[in-house]
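What follows is calculated from the coordinates using simple rules that are stated; it is not laboratory data. Everything numeric here is computed off the predicted structure, so don't read it as measured data. Counting neighbours? That spans all protein chains shown, and the Cβs are built from the backbone with ideal geometry, glycine included.
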Amino acid sequence: MNKKSTYILFIVLIVLVAGIAAKNYFSKNNQKAMIAGQKLLAADIVDSIDKIEIKKGANAATLEKKAGVWFVSSEQNYPASPNLVQNLVSSLKDGALSSIADNTLDQLPAYQLDEASRTTLNVQKEGSTVGNLWIGRAGDSYGTYYVVKEGLNKVYLTQNIYSNFAETEWRDRKILQTNKDEITSIKITLPKETFDLIKTENKWQIANRDVKQEKIDALLNQLALLSANDFPPAGFSFTENGTKLEIKLANDSKTIIFGQTLENGQVAIKNNDGLIYIITKETADVLTKNQRSYF
């Protein structure tokens, strides 16, 4: 083979290599363009979901939507925290793929996507799975996570995700959904006495006697903000202690039944839905003052 033929073959080889490189470059760019902005789940799907199963290691929670309200069905149907659920659903709706971080699933531990580290979300509608996601560690930028979508053997970097998927407590700590201005009367039953606080013409009275405003304000404010400090452990047995608050509102009524005092001084209470919460001793003391303390 003469030199001229060698040069021609060499030039052809260079052109072929350059062509392959260019093809791969544009293919990758086109792939990135197709991926960027692609939603984790279609918006119309997210709007209609009614169940989300969340699992991370030994922790698991099931959220279910009933009549427009989310409950933690895995925890005796306690109401779910509205803020946590809103962040979760918004992340599923607004979350989008940003880029491919890894074309294989060979390095899952590097992204905390291995079975022991990842959070698994099973999203359902009317009993059928509409999305299955593995959530790994956060990316370098706020709102980004490494994610694997079921059926796609790739690791993606996502954006617009602001939920704490690893949350271990999805129950709402708020015990009463009450506007204090709507409370019209409170019947307080203590082990040794029972009395009624009644609102008459914007004044609170016991047996037609005006009570001290600062005392009733303290009670009403505590009721409006009443939240659990904790939840009872599994298998907890509630024992009533003879104390009860019966709260009447303009169009509703609420009941709080007091139970035993725990070893740490906190108190167990039960609402009229039969759900048990743990409140601090200080909160319990405000709610269970005797009749004399209001004058």
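Things worth noting here:
- Mean separation of Cα pairs under 8 Å and 6 or more residues apart, divided by the residue count, gives the chain a relative contact order of 13 percent.
- Within the chain, the ratio Rg/Rh, alpha carbon atoms throughout and Rh by Kirkwood, equals 1.26.
- Globularity index of segment 118-170 is 1.19 (Cα radius of gyration / 2.2 N^0.38 Å, N = number of residues).
- Chain lengthening between TYR142 and THR261 when straightened (0.36 nm per residue, less Cα-Cα): 38.5 nm
- Gyration tensor (alpha-carbon) shape descriptor, segment 180-294, a/c threshold 1.5: prolate
- Taking Lys and Arg as +1 and Asp and Glu as -1, the other residues whose beta-carbon sits under 12 Å from that of LYS270 total 0.
- Residue among GLU115, GLU64, GLU126 with the largest mean-square fluctuation in a Gaussian network model of the chain, springs linking Cα atoms under 10 Å: GLU126
- Spatial separation of Cα centroids for segment 37-96 and segment 130-155, in angstrom: 16 Å
- Backbone amide hydrogens, once placed in the peptide plane, bring ASP172 within less than 5 Å of ALA80, SER81, excluding anything fewer than 5 places away on its chain.
- Relative contact order of segment 132-281: 17 percent, from C-alpha pairs under 8 Å at least 6 residues apart in sequence.
- For LYS125, distant residues with modelled amide H under 5 Å away: ASP50, VAL130
- Compared with the dominant Cα axis of the chain, that is its longest principal axis, helix 3-35 is turned about 20°.
- Per-residue ellipticity at 222 nm computed for the chain from its helices equals -8000 deg cm²/dmol, with DSSP H segments shorter than 4 residues left out and the rest contributing -39,500 (n - 2.57).
- Listed values for segment 135-141 are Karplus-derived 3J(HN,Hα) couplings in whole Hz (6.51 cos²θ - 1.76 cosθ + 1.60, θ = phi - 60°), namely 10, x, 6, 5, x, 6, 9, and x replaces Gly and Pro.
- Positive end of the dipole of segment 43-159 (Cβ unit charges, origin at the Cα centre): among THR129, LEU105, SER90, the Cα lying farthest that way belongs to SER90.
- J(HN,Hα) series, segment 71-88, from Karplus relation 6.51 cos²θ - 1.76 cosθ + 1.60, nearest Hz, glycine and proline x: 10, 9, 5, 7, 10, 6, 6, 4, x, 7, 5, x, 5, 5, 5, 4, 5, 5
- The mean sequence distance of close C-alpha pairs (under 8 Å, at least 6 residues apart), as a share of the length of segment 43-159, puts its relative contact order at 26 percent.
- The lysines whose alpha-carbon is closer than 30 Å to the alpha-carbon of LYS212, local same-chain residues fewer than 8 away aside, are LYS174, LYS180, LYS187, LYS192, LYS199, LYS203, LYS244, LYS248, LYS254, LYS270, LYS281, LYS289.
- Among TRP134, TRP170, TRP204, residue whose mean-square fluctuation peaks in a GNM of the chain (springs only between Cα atoms under 10 Å): TRP204
- For the chain, modelled as a GNM whose springs connect Cα atoms under 10 angstrom apart, the maximal fluctuation among ALA138, ALA58, ALA284 occurs at ALA58.
- Unit charges on C-beta of K, R, D, E only; dipole of segment 117-231, Debye: 180 debye
- For GLN260, distant residues with modelled amide H under 5 Å away: THR239, ALA268
- In this Cβ point-charge picture (+1 for Lys and Arg, -1 for Asp and Glu), the chain has a dipole of about 820 debye about its Cα centre.
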